Amino acid sequence: MIVDFQHHFTPRELIKEDPGKGRIVHFDENGAPSYTIHSLLYDLDEHVRMMDLAGIDAAFLTSAVAMCADLDRSRFVNDAAKRAERDYPGRFIGAAHVHPLGGAEAMRELHRCTHQLGFPGVVITSETDGLYLDAEQFEPFWTEAERLGLFVFVHPALRLNESRQFDGYDTARSVGREFSLIMATIRLINSGVFDRHPNLTVHMAHLGGGIASMLGRVRAYQDKEFWGTTGHPRHGRKAVRDFDYYLQHNFVFDTAGFCGVIGAVKTALVEIPASRIVFATDYPQEIRSREVVRDFVAEIRALGPDGMRILAGNVPLLLKQAQKTAAE
């Protein structure tokens, strides 16, 4: 069973402008492009046609407009994702959308998504509301996600807390978001989130922002004595276990975010075991063509046993039903 673990949609009702056959680009308050609107976002019939061509069985459905959004929008999108599950049986898997800092009402919606809607995971962004994922304000959310048995999908923030340095060349989207994912990974580990919540699984988008190419440097800076930061309240903090332990026990990384370029997957495999990577496309944003998705699937399959593990073998890491079926 091949599952696309990063597959986006936006309900038509939440798009004010009619994009027609074109594209509408939204910008943040600093003038950085933040999101591109187009008709493929709500054309689920075309999503299924793409999946059929590419050989994708199901897609984990998330919506950018409801990531870390207010309660009303979260509920609307959660219900829309459930309708997609019903309208296209077996093809879509809904994600819970709640604001992790939304308090008791958001946690009640998380319960509804788990117990009534049957969603297996919840999506948040790598930073939000001026805070990062190691902030103490997130602690109730991590506690509840672990207790409910939900995996947490960390998508790159659409609007970075600080985007001023990305003032040209669309670098907030092309580079800034990946930097945010790398930072989120480091923050979650070194702040002790997984020491406090050992059963928590975090699905990190975009191969962790391409963290594999930076791991040599990241590991080196875990030696706090060598760098002189031992005892510092912020820079001296580190997790109980070795940094890589958490990469291989608490994280699952997906193949989205690099526009279907197989070289990014090959690079990740140098440092991240295939047993911790799942297939994802970022359709229909960074990839909008059926043929590109089809070719990406074929290139991953050509990696041999590692490729097959990425495409299908690791699905049970995130979907409990698949894990139960495999056990049976």
Among the residues of segment 262-284, are any closer than 30 Å to residue 45 by Cβ, small (Gly, Ala, Ser) and surrounded by 16 or more Cβ atoms within 10 Å (Cβ to Cβ)?
yes
Leading residue by the ranking (nearest to residue 215 (Cα to Cα)) among those in segment 167-177 that are in a helix (DSSP H, G or I) and hydroxyl-bearing (Ser, Thr, Tyr)
174
Here the residues within segment 160-175 that are crowded, with 20+ Cβ neighbours inside 10 Å and either under 15 Å from the mean Cα position of the chain (by Cα) or of a type outside the set (S, T, N, Q) (or both) are 160, 166, 172, 173
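Give the residues of segment 250-277 that are assigned to a helix (DSSP H, G or I) and without any contact (Cβ under 8 Å) to a residue 24 or more places away in the chain, sorted by residue number.
263
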Take the residues in segment 1-40 that are touching a helix residue (DSSP H, G or I) at 6+ places or on another chain (Cβ under 9 Å) and of a type in the set (Asp, Glu); name whichever of them is farthest from residue 252 (Cα to Cα).
18
Hey, residue 180 surrounded by fewer than 17 Cβ atoms within 10 Å (Cβ to Cβ), in a helix (DSSP H, G or I), of a type in the set (Ser, Thr, Tyr) and in contact with a helix residue (DSSP H, G or I) (Cβ under 9 Å, 6 or more places away or on another chain) or not:
no
Regarding residue 153, is this residue touching a Gly at 6+ places or on another chain (Cβ under 9 Å), open to solvent by less than 10 Å² (accessible area, probe 1.4 Å), within 23 Å of residue 276 (Cβ to Cβ) and in contact (Cβ under 8 Å) with a residue 40 or more places away in the chain?
yes
Show the residue pairs that are 6+ apart or on different chains and have beta-carbon atoms under 6 Å apart, the first residue being within segment 65-81 and farther than 19 Å from residue 42 by Cα, the second being part of a helix (DSSP H, G or I) and at pLDDT 95 or above.
71/105
Given the criteria of a type outside the set (A, V, I, L, M), closer than 23 Å to residue 160 by Cβ and free of Cβ contacts under 8 Å to residues at least 24 places away in the same chain, does residue 26 qualify?
yes
It is to be established whether one or more residues within segment 285-302 are part of a helix (DSSP H, G or I), aromatic (Phe, Trp, Tyr), closer than 25 Å to residue 93 by Cα and at pLDDT 95 or above.
yes
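Residues 158, 131: which one is of a type in the set (A, V, I, L, M) and under 27 Å from residue 259 (Cα atoms)?
Working: 131 fails: under 27 Å from residue 259 (Cα atoms).
Residue meeting the stated conditions: 158.
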Check on residue 304, out of contact with any helix residue (DSSP H, G or I) (no Cβ under 7 Å at 6 or more places or on another chain) and on the phi > 0 side of the Ramachandran plot
yes
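Does residue 202 satisfy being open to solvent by less than 80 Å² (accessible area, probe 1.4 Å), among the β-branched types (Val, Ile, Thr) and out of contact with any helix residue (DSSP H, G or I) (no Cβ under 6 Å at 6 or more places or on another chain)?
Values: open to solvent by less than 80 Å² (accessible area, probe 1.4 Å): yes; among the β-branched types (Val, Ile, Thr): yes; out of contact with any helix residue (DSSP H, G or I) (no Cβ under 6 Å at 6 or more places or on another chain): yes.
Against the criterion (open to solvent by less than 80 Å² (accessible area, probe 1.4 Å), among the β-branched types (Val, Ile, Thr) and out of contact with any helix residue (DSSP H, G or I) (no Cβ under 6 Å at 6 or more places or on another chain)), residue 202 qualifies.
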Qualifying residues in segment 220-244 (those that are outside any loop (DSSP other than H, G, I, E, B) and under 26 Å from the mean Cα position of the chain (by Cα)) - the one farthest from residue 191 (Cα to Cα):
244
If residue 308 passes every condition in (1) within 17 Å of residue 5 (Cα to Cα); (2) of a type outside the set (Gly, Ala, Ser); (3) within 20 Å of the chain's Cα centre (by Cα) but one, which one does it miss?
(3)
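The values are calculated or read from the model by the stated rules, or taken from the named source; none is laboratory data. All values reported here derive from a predicted model rather than from experimental measurement. Here the Cβ is made from the backbone with ideal geometry for all residues, glycine too, and neighbour counts use every protein chain on show. The area values use the complete protein model at the heavy-atom level, side chains included, leaving out ligands, DNA and RNA. Shrake-Rupley method; radii C 1.70, N 1.55, O 1.52, S 1.80 Å.
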